[in-house]
Amino acid sequence: MSKRESLRVGMVCYPTPGGSGVVATELGKSLAARGHEVHFICNGHPARLTEFTDRVYLHKVETGDYPVFQQYTPYALSLAVKIREVSVQYDLDLVHAHYAIPHATSAYLARQMLEPARRLRTMTTLHGTDITLVGMMPSFYEITRFSILASDAVTTVSQFLRRETVEQFRVDRPIEVIYNFVDGDEFHPAAAEGIRERLAPRGERLLFHVSNFRKVKNLPVVVDVFAGVRGDVPCRLVLIGDGPEREATERRVAELGISADVVFLGDQEYIAGVLPAADVFLLPSEHESFGLAALEAMACAVPVVGSRIGGLPEVIADGETGFVCDPHDVSCMRAIVLGLLRDENRRREVGAAARKRALERFSRDDIVDRYEDAYRRLAAEEGRR
């Protein structure tokens with residue numbers, strides 16, 4: 001296949017604002033901008049698919065309403081049928097499944113339904129908790145391992161996740177590491193003075209956290225670090241996102257008596273327009289296979305204070321472009337944040353280095369090139385079949 005020819009790609013992902021859905025959506029938009037045809041197959045509207053994009057199509061998965069299913073409607077089967085349907089109708093070259101369960105499994109089923117008439121090539125990108133948490137559950141372990149082995153190509157978003165996949169799932173197959181990426185033209189250190197004035201009306205410094213508010217994001221430590229800093233430097237905490245831990249976080253904030261200085265913004269479609277207002281970004285996750293939120297903050301020249309776990313040390317150069325501590329070491333994080341807020345020159349220096357690293361190592365064009373090359377290798381294999 002000539003490199004000039006366009007591809008038709010099925011993109012299977014969760015439509016929620018979490019990292020895997022964001023990466024899949026941004027990748028699809030970037031591929032469409034290069035002339036490829038991208039078909040999103042999911043059960044909702046992807047969070048970052050906010051406007052009409054030429055050559056991007058959305059196919060919503062509908063589950064049947066049958067009394068015997070009750071709350072156990074088999075979404076994975078409906079998804080497999082939809083993948084097969086879209087593959088036939090639009091003659092897809094391949095399907096790219098983001099997250100192992102159930103997407104890689106459903107892609108495999110769709111491929112089996114199409115054979116022997118044709119061979120649908122499948123790629124699976126593992127994003128993190130599908131391996132480190134969900135996939136390790138006894139009820140999902142074997143189907144996760146099977147789906148990894150059955151995929152025509154597998155990628156992970158960090159070296160850490162590749163090692164975890166090989167070791168924990170005992171897989172002996174090629175796995176390519178393709179990092180997540182950031183668009184430096186969209187995420188950039190704009191002044192954001194209007195937003196700063198609204199979030200910090202008395203000129204306070206701003207600490208940010210963005211996540212899906214799951215337990216692994218370690219919201220109690222975010223709040224405790226802020227509470228410790230607040231007594232020394234006038235500042236406010238801005239929490240962006242929503243999820244199962246929001247209510248508990250709101251209670252903790254109220255218990256500490258700091259509600260007046262904590263802003264819950266909820267889910268925000270246009271994160272890039274808010275992030276530049278931050279002075280420091282907090283990400284003390286207990287599990288983080290990459291840390292897309294940290295990378296987006298770095299691209300906005302915002303220093304990140306995160307965890308020394310998983311893939312975050314591959315994103316953050318400790319002491320140069322950000323800082324990492326034990327995820328439960330509140331004292332370590334508090335000391336670093338205070339140091340940055342008290343030394344504006346140092347904070348700006350780290351922020352500038354963070355943006356430079358984000359653009360040089362995790363640029364959109366370079367990473368999309370990697371995926372495009374991987375797609376073409378799969379398509380070429382189908383051509384030789």
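Derivation of every value follows stated rules applied to the coordinates shown; laboratory data play no part. Not measured: the values here are computed from a predicted model. Because the Cβ atoms are built from the backbone with ideal geometry, glycine has one as well, and the counts that use them run over all protein chains shown.
Against the numbered list (1) of a type outside the set (Asp, Glu); (2) buried (at least 22 other Cβ atoms within 10 Å of the Cβ); (3) part of a helix (DSSP H, G or I), THR155 comes up short only at (3). Hey, any hits in region 335-349 for a residue that's assigned to a helix (DSSP H, G or I), touching a Cys at 6+ places or on another chain (Cβ under 8 Å) and in contact (Cβ under 8 Å) with a residue 40 or more places away in the chain? Checked region 335-349: at least one residue is assigned to a helix (DSSP H, G or I), touching a Cys at 6+ places or on another chain (Cβ under 8 Å) and in contact (Cβ under 8 Å) with a residue 40 or more places away in the chain.
Residues that are under 17 Å from LEU207 (Cβ atoms) and among the aromatic types (Phe, Trp, Tyr): does region 346-362 have at least one? Checking region 346-362: not a single residue is under 17 Å from LEU207 (Cβ atoms) and among the aromatic types (Phe, Trp, Tyr).
Within region 285-323, being part of a strand (DSSP E or B) and surrounded by 23 or more Cβ atoms within 10 Å (Cβ to Cβ) holds for VAL304, VAL305, GLY306, SER307, GLY322, PHE323.
Here region 103-152 is the region considered, the condition is being surrounded by fewer than 19 Cβ atoms within 10 Å (Cβ to Cβ) and charged (D, E, K, R), and the residue that is nearest to the chain's Cα centre (by Cα) is ARG145.
Conditions tested, residue by residue: (1) touching a Ser or Thr at 6+ places or on another chain (Cβ under 6 Å); (2) charged (D, E, K, R); (3) at negative phi; (4) surrounded by fewer than 20 Cβ atoms within 10 Å (Cβ to Cβ).
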position: ALA335; (1), (2), (3), (4): no, no, yes, yes
position: ASN345; (1), (2), (3), (4): no, no, yes, yes
position: ARG348; (1), (2), (3), (4): no, yes, yes, yes
position: ARG355; (1), (2), (3), (4): no, yes, yes, no
position: GLU360; (1), (2), (3), (4): no, yes, yes, yes
position: ASP366; (1), (2), (3), (4): no, yes, yes, yes
position: ASP369; (1), (2), (3), (4): no, yes, yes, yes
position: ASP373; (1), (2), (3), (4): no, yes, yes, yes
position: ARG377; (1), (2), (3), (4): no, yes, yes, yes
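Taking region 87-132 as the range and being under 22 Å from GLY21 (Cβ atoms) and polar (S, T, N, Q) as the test, the residues that pass are SER87, THR105, SER106, THR122, THR124, THR125, THR129, THR132.
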